[in-house]
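Read through the structure below, which is laid out as structure tokens, and then see the notes.
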Amino acid sequence: MFRNFLKLTYRHLLRQKGFTFINILGLTVGLTSCILIGLYIADELSYDNFHPNADRIARVTMEFSRGSSPSTQQYAQTGTKVGPQFKRTFPAVEAFTRTYVGSAIIGDGTTHFRENKCLYADSSFLSIFNFPLLKGDPNALRSTTNVLLTASAAKKYFGSTDIIGKTLRINDSKDFTVAGILQDLPRNSQLHFDMVVSFGNLDAAKTEEWWTANWITYLLLRKNASMGSVETQINNYMERPEIRKEANLDKGDYLKYHLEPLKSVHLYSPVGGFEPNGNITYVYVLLLIAVLILAIACFNYTNLAIAQSSSRTGEIGIRKVLGALKGQLFRQFTGESLFVTFIALVLAVVSSCLLLDFFNSLTGKHFVVADILQPVVLVAILVAGIVIGFLAGSYPALVLSGTRLISILRSGFRITGGHAGLRRTLIVLQFVISLFLIITTVVILQQMSYIRNKDLGLDRDHVVVLPIDWRIHNSYAQLKAAVSTLPGVTAVSGSYNLPISATWGDGLTAMTDHGQVSFSITAIPADLNYLSTLNMHLLAGSDFTNADLPANTTGGDTTKPAYRYILNETAVKKLGWTPQEAIGKVVSRGEPGIVKGVVRDFNFASMHQAIGPLMLFADTGFVQYMLVRVGGQHLPQTLVQLQNTWKEYVPSRPFDYHFLDEDYNALYTTEQRTATIFTVFASLAIILACLGLFGLAAISTVQRTREIGIRKVLGADLFNICLLISNSFLRLVLVAILIAAPLAWLAAGKWLEGFAYRISLRFWIFPAAGAVVMVLAFATVSFHALRAATMNPAKSLKTE
């Protein structure tokens, strides 16, 4: 029986080679898309699930506002007091750990490495998180002289993991004993590091402060403790008068803390952490794309199976005459669908493995073939294939098996009534999906182009960024002077934060004509020549000079304002001043200072956020990045000279640089990847839709061969015949355009709302996308129409 089924299936598929190819190709593409996107979605949803205590771990985020004109700021970082104070105060808090990922210089003598993933953590770190210790002491972080290495880091620095007790020199200042080897971190961890040392090695650990928020704090709650309840208790505690006084909160100020469940941080948190967050919206979008692509492939199969039904009337009639039951016919045709789906499934698994590197480049992930070939994944793929095969083939099977014998004997099988209606509906749905993806892709690409080309208020091109740490500060002035004299270098400055990712939160207070005004503000401690290095535009006042550094402004008189501030337009407007009026006014961020200048607004954060108030103040003691503007000519030679100068003045630090525009592009990594993914899958959608249309047009053309021959004899030209064949299909595409356009308008508009600075939706996108699809559909259908129109009419009229 089964052998007979295989024989019949094989013969049918071989007889309809073209349609078999279209069906298998379409299903393969759809299933491949689902496999790859499924891997991505599963990975995103699994972040940090591997920790046994994941449901009890909370990340603490900080929200605060200052003054009578509040502008809320929220950060993933907190002060050093949050962890220990909450553990002392709230019984529900079982443990805490403060963490910080920074860079460290490894090695001594003439050989040095920059390690960018050095984690500082409290001793409870390994008891809160489950990062398996392959060997060594689980309590190693109780000592400030111990270091834990991952297996990869151990091999990198020592060539082996059998190194317990060996010494590693860090930052040319201290020898650490290797006290443990950690298993390499899972891909789906929000924490990524290569080594761990005690938080006690940081100067910040010596004091407990609510502010100076540079540390990410995690709490481990006791079993059955409610995270929401603990958060409420914490914020009630922060409202106590004695705590407000301790935190230096004035009337109108507030300081709140939020507890984020560890497993929701990656996809749901509004603030970043150790790495850029994912976005649950993009997960849903990718899931929708996978379903839509697969739906198009299934629609193709269903449409072609129904359209081919007329060619199987003889087979159905003979089998019914010989006593075949409806259930037997249903199983035969459903089995054919499952057989085709199984072939596509095998090809999809192979294709997924081959395309894995390409998919990794699209998504920024690091999947390997083993991720696809896991038994659980393969079983899931097989089950999904069976379901898809049954759904795609069940309706055509019902149509074919339910055909009445008397109808076949009288006039043969005809696609009429509801069957033709379903076929038209599926065609419309295919092109609705394709047009929706095309239009939204165009909008995303336009927004990305807008971001790349928008005037930020500063020039990010040709600016070399050199990380500076406290050990370089002693030679910073000499290094800057030497770099300034290099050919090809046009300006040099420095700052605490990079100018496009400022995170220093502060409060600003000033006396105005309307009384005292206070509000939250972002601050950037900067070196001299900061504005000229970044080509910023001063609206009033002047840039910092050497006389504006705190050491040179008071002349020893501590009653004088020590700082000179440059405010942006937004800050000046919030104070109720014009740029010219602001010059010389006294403002305070805790330390009083004089407004030296007003700079035109510039984007110091992602374009998802509106430009807020900002201040620059001159202070080289906080510099963490040297910014070097270089000419576009002879860039390689300039970099070589820059490296030689660096080695001369900072021989104990490796020359590690990048360009400022790379940091800017990193702000929109998710959006850039989304644009690329949409482009790829929108292209696949329209190709699959046209492929299905190609097959349907072929069937329609064959069924109308005699009609075409008669029309040719009566004088019809090529264009009329092409229009005859394509007319019904083009009407369906037009209906799809009318449905897809408003849906795409709503979806694109909703996505754009996530940007404070965005393009306006342009009307021309919709008719242009529709016209492109209409042309493609016409070209697809006309291929067969042209073949039929150029056929000898005598031969056409012989066709039954």
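How about the range 34-137: which strands (runs of 3 or more DSSP E) wholly inside it have at least 1 residues that are within 30 Å of Pro654 (Cα to Cα) and of a type outside the set (Ser, Thr, Tyr)?
In the range 34-137, 93-106, 113-121 are the strands (runs of 3 or more DSSP E) which contain 1 or more residues that are within 30 Å of Pro654 (Cα to Cα) and of a type outside the set (Ser, Thr, Tyr).
If I filter the range 329-345 for residues that are under 37 Å from the mean Cα position of the chain (by Cα), among the small types (Gly, Ala, Ser), surrounded by fewer than 19 Cβ atoms within 10 Å (Cβ to Cβ) and at pLDDT 85 or above, do I get at least one hit?
Checked the range 329-345: no residue is under 37 Å from the mean Cα position of the chain (by Cα), among the small types (Gly, Ala, Ser), surrounded by fewer than 19 Cβ atoms within 10 Å (Cβ to Cβ) and at pLDDT 85 or above.
For the range 670-705, what are the residues that are of a type in the set (S, T, N, Q) and at pLDDT below 80?
Across the range 670-705, the qualifying residues are Thr670, Thr674, Ser700, Thr701, Gln703, Thr705.
So which residues in the range 97-115 are closer than 13 Å to Leu191 by Cα, modelled with pLDDT under 95 and either in contact with a Phe, Trp or Tyr (Cβ under 6 Å, 6 or more places away or on another chain) or open to solvent by 20 Å² or more (accessible area, probe 1.4 Å) (or both)?
Tyr100, Val101
Which condition from (1) surrounded by fewer than 16 Cβ atoms within 10 Å (Cβ to Cβ); (2) more than 26 Å from the chain's Cα centre (by Cα) is the one that Arg711 breaks?
Exception for Arg711: condition (1).
Need pairs with beta-carbon distance below 7 Å; first residue under 19 Å from Ala95 (Cα atoms) and within the range 42-56, second among the hydroxyl-bearing types (Ser, Thr, Tyr) and in a helix (DSSP H, G or I); sequence gap 6+ or separate chains.
Close Cβ pairs (under 7 Å, with a partner that is among the hydroxyl-bearing types (Ser, Thr, Tyr) and in a helix (DSSP H, G or I)) do not exist here.
Quick one: in the range 463-476, of everything that is out of contact with any strand residue (DSSP E or B) (no Cβ under 6 Å at 6 or more places or on another chain) and part of a loop (DSSP other than H, G, I, E, B), which residue is modelled with the highest pLDDT?
Checked the range 463-476; the qualifying residue modelled with the highest pLDDT is Ile472.
Of the residues that sit in the range 146-165 and are part of a loop (DSSP other than H, G, I, E, B) and out of contact with any strand residue (DSSP E or B) (no Cβ under 6 Å at 6 or more places or on another chain), which one is nearest to Val178 (Cα to Cα)?
Only one residue tops the list, namely Gly165.
If you take the residues of the range 138-161 that are over 17 Å from Phe199 (Cα atoms) and open to solvent by 30 Å² or more (accessible area, probe 1.4 Å), which of them is nearest to the chain's Cα centre (by Cα)?
Ser152
In the range 607-635, what residues are in a loop (DSSP other than H, G, I, E, B) and open to solvent by less than 10 Å² (accessible area, probe 1.4 Å)?
The answer is Met607, Val623.
Tyr664: hydroxyl-bearing (Ser, Thr, Tyr) and open to solvent by 70 Å² or more (accessible area, probe 1.4 Å), yes or no?
no
So Ser33 clears everything in (1) over 21 Å from Ile686 (Cα atoms); (2) in contact with a helix residue (DSSP H, G or I) (Cβ under 6 Å, 6 or more places away or on another chain); (3) open to solvent by less than 10 Å² (accessible area, probe 1.4 Å) except one condition, right? Which one?
Of (1) over 21 Å from Ile686 (Cα atoms); (2) in contact with a helix residue (DSSP H, G or I) (Cβ under 6 Å, 6 or more places away or on another chain); (3) open to solvent by less than 10 Å² (accessible area, probe 1.4 Å), only one is false for Ser33: (1).
Being surrounded by fewer than 22 Cβ atoms within 10 Å (Cβ to Cβ) and closer than 28 Å to Asp48 by Cα is the filter here; which residues of the range 195-210 pass it?
Gly200, Asn201, Leu202, Ala204, Ala205, Trp210
When residues of the range 740-755 are filtered for being under 19 Å from Gln430 (Cα atoms) and buried (at least 16 other Cβ atoms within 10 Å of the Cβ), how many remain?
Here the count works out to 5.
If we keep just the residues of the range 162-190 that are under 29 Å from His266 (Cβ atoms) and open to solvent by less than 60 Å² (accessible area, probe 1.4 Å), which is farthest from the chain's Cα centre (by Cα)?
Of everything passing the filter in the range 162-190, Gly180 is farthest from the chain's Cα centre (by Cα).
Any idea which of Leu696, Leu688, Leu639 is farther than 30 Å from Leu776 by Cα and part of a helix (DSSP H, G or I)?
Going through Leu696, Leu688, Leu639 in turn, the sole match is Leu639.
Being out of contact with any Leu (no Cβ under 9 Å at 6 or more places or on another chain) and closer than 12 Å to Tyr218 by Cβ: is that true of Thr99 here?
When the stated conditions are applied, Thr99 does not pass them.
Before we move on, is Ser434 over 17 Å from Gly770 (Cα atoms) and of a type in the set (Gly, Ala, Ser)?
Criteria not met by Ser434.
Would you please list the contacts, defined by Cβ atoms under 6 Å and residues six or more apart or on different chains, that run from a residue in the range 515-543 that is under 15 Å from Tyr563 (Cβ atoms) to a residue that is charged (D, E, K, R) and not in a loop (DSSP other than H, G, I, E, B)?
From residues that are under 15 Å from Tyr563 (Cβ atoms), the pairs are Ile521/Asp506; Ala523/Asp506; Gly541/Lys596.
Checking the conditions here, which among Asn535, Asn568, Asn546 is of a type in the set (S, T, N, Q) and touching a helix residue (DSSP H, G or I) at 6+ places or on another chain (Cβ under 9 Å)?
Selected residue: Asn546, the only one of Asn535, Asn568, Asn546 that is of a type in the set (S, T, N, Q) and touching a helix residue (DSSP H, G or I) at 6+ places or on another chain (Cβ under 9 Å).
Counting only residues that are part of a strand (DSSP E or B) and open to solvent by less than 40 Å² (accessible area, probe 1.4 Å), which one in the range 572-595 is nearest to Gly505 (Cα to Cα)?
Taking the candidates together, the pick is Ser588.
Would it be correct to say that Glu94 is open to solvent by 40 Å² or more (accessible area, probe 1.4 Å) and among the acidic types (Asp, Glu)?
Here the answer is yes, as Glu94 does meet what is asked.
In the range 421-466, what residues are open to solvent by 30 Å² or more (accessible area, probe 1.4 Å), in contact (Cβ under 8 Å) with a residue 12 or more places away in the chain, farther than 20 Å from Val291 by Cα and of a type outside the set (Lys, Arg)?
Those that are open to solvent by 30 Å² or more (accessible area, probe 1.4 Å), in contact (Cβ under 8 Å) with a residue 12 or more places away in the chain, farther than 20 Å from Val291 by Cα and of a type outside the set (Lys, Arg): Val442, Leu445, Gln446, Tyr450, Asp459, Asp461, His462.
Select from the range 349-383 the residues that are among the charged types (D, E, K, R) and modelled with pLDDT of 90 or more and write down the one among them that is most open to solvent (accessible area, probe 1.4 Å).
Per the criteria, the residue is Asp357.
Taking the condition of being in a strand (DSSP E or B), among the hydroxyl-bearing types (Ser, Thr, Tyr) and crowded, with 19+ Cβ neighbours inside 10 Å, how many residues in the range 477-508 meet it?
The number of residues fulfilling the criteria is 2.
From (1) open to solvent by 50 Å² or more (accessible area, probe 1.4 Å); (2) among the hydroxyl-bearing types (Ser, Thr, Tyr); (3) in contact (Cβ under 8 Å) with a residue 40 or more places away in the chain, pick out the condition that doesn't hold for Thr512.
With (1) open to solvent by 50 Å² or more (accessible area, probe 1.4 Å); (2) among the hydroxyl-bearing types (Ser, Thr, Tyr); (3) in contact (Cβ under 8 Å) with a residue 40 or more places away in the chain applied to Thr512, the lone miss is (1).
The values are calculated or read from the model by the stated rules, or taken from the named source; none is laboratory data. In this text, all values refer to a predicted model and were calculated from it rather than measured experimentally. Neighbour counts are summed over all protein chains in view; Cβ atoms, including those assigned to glycine, are modelled from backbone coordinates with ideal geometry. The accessibility values were calculated without ligands, DNA or RNA, using every heavy atom of the protein model including side chains. Shrake-Rupley method; radii C 1.70, N 1.55, O 1.52, S 1.80 Å.
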